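First up is the structure itself, then whatever we jot down about it.
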Amino acid sequence: MEDINQETVHRHDAGCDGHGHHHHDGMHIHPVANNMKVALALNVSFTIIEFFGGLFTNSVAIISDAIHDLGDSLAIASALVLEKESERGRTATFTYGKRRFSTLAALITSLILFVGSVVITINAIPRFFHPEEVHVQGVLWLAILGLLFNGAAVLRLKKGNKSSLNQKAVMLHLMEDALGWIAVLIGGIVMYFTGWYWIDPLLSLGIAAFILFNAVKNISNGLSIFLQAKPHGIDEGKLLNELLAIPHVSDIHDLHIWTMDGEKHILTSHIVVPADSDITLMRRVREDVLQKLKNLNIQHPTIQIETSMETCRFTNC
């Protein structure tokens, strides 16, 4: 009876749901990868044009946008690698698979963007107070080219697999870039007619602030994932109350919740049932708990069932 009371249950079907989804989408991997390669090639090509164009036009706003697009190129490259790596699943070494590779890539990209935006800010502030002449026509042409390049990349991705989260994320990056180029285009038009060259460093500071905000947010989220903090959007108090409301659940302890990559959440816990519970009741409680956790967006739970007569050495963990 002791073996029954200490039954440890792993939610195999929750994990299989995820694997089933990947196998179902397997036929779409190559189109997704090809579309993302085209988007990456367009973004990298234009990033190089931007850097040289920014130097030619003497525009810190253009160089700031080049830094932003460099970050997006790194993000697209990371997503492209992840699209392939995520299909390989767990290994003897990586027992959870390689889902956190994307988080690591996002951290590295965010750190690069953070440093780049700080450098741009340091260079833009003096030019705000002492504006330098900008080759406005060059800025206007680069802004138009930026819209064309980003538009072409977005249209290419829209033709692909609509269910790919990576592809959707990359599209958001590119649409973000397009909005930035619209701002640069408007700023260029104003400079062309007024000669207000302080608008260029002002745009640069705005772009740098936007990059800094997102970089800090991504660094914070990435560190939370690696430090195995409770996932955003999971209310532990609400979760405990809902589990304790399940019939025959008298106590819960040794509860731990973390996330693999911000999307796939993992939970381990000990569930206590009455001392006279038989194996049929334990199994029913187990299924009720697993169903409740599935409803609460926990994709990978591991549950140990115990009776109230047992003494658990992990109560205060």
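The values are calculated or read from the model by the stated rules, or taken from the named source; none is laboratory data. Everything numeric here is computed off the predicted structure, so don't read it as measured data. Every residue, glycine as well, gets a Cβ built from its backbone with ideal geometry; the counts of neighbours run over all protein chains shown.
Annotations
- Single condition Thr8 does not satisfy, out of (1) at pLDDT 65 or above; (2) surrounded by fewer than 14 Cβ atoms within 10 Å (Cβ to Cβ); (3) among the polar types (S, T, N, Q): (1)
- Inspection of segment 89-99 finds no residue satisfying the criterion of being within 21 Å of the chain's Cα centre (by Cα) and within 23 Å of Asn150 (Cα to Cα).
- Condition met for Gly222 (surrounded by 12 or more Cβ atoms within 10 Å (Cβ to Cβ), free of Cβ contacts under 8 Å to residues at least 40 places away in the same chain, in contact with a helix residue (DSSP H, G or I) (Cβ under 9 Å, 6 or more places away or on another chain) and assigned by TED's automatic domain parsing to the domain that holds Phe114): no
- Test result for Phe314, part of a helix (DSSP H, G or I), of a type in the set (Phe, Trp, Tyr) and modelled with pLDDT under 90: no
- Segment 78-111, residues that are under 16 Å from Met36 (Cα atoms), among the hydrophobic types (A, V, I, L, M, F, W, C) and surrounded by 18 or more Cβ atoms within 10 Å (Cβ to Cβ): Ala79, Leu80, Leu82
Let's see how each residue does on (1) touching a Leu at 6+ places or on another chain (Cβ under 9 Å); (2) of a type in the set (A, V, I, L, M, F, W, C):
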{"residue": "Ala61", "(1), (2)": "yes, yes"}
{"residue": "Ala66", "(1), (2)": "no, yes"}
{"residue": "Leu74", "(1), (2)": "yes, yes"}
{"residue": "Arg88", "(1), (2)": "no, no"}
{"residue": "Thr95", "(1), (2)": "no, no"}
{"residue": "Thr121", "(1), (2)": "yes, no"}
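- The single condition among (1) modelled with pLDDT of 95 or more; (2) surrounded by fewer than 18 Cβ atoms within 10 Å (Cβ to Cβ) that Leu227 does not meet is (1).
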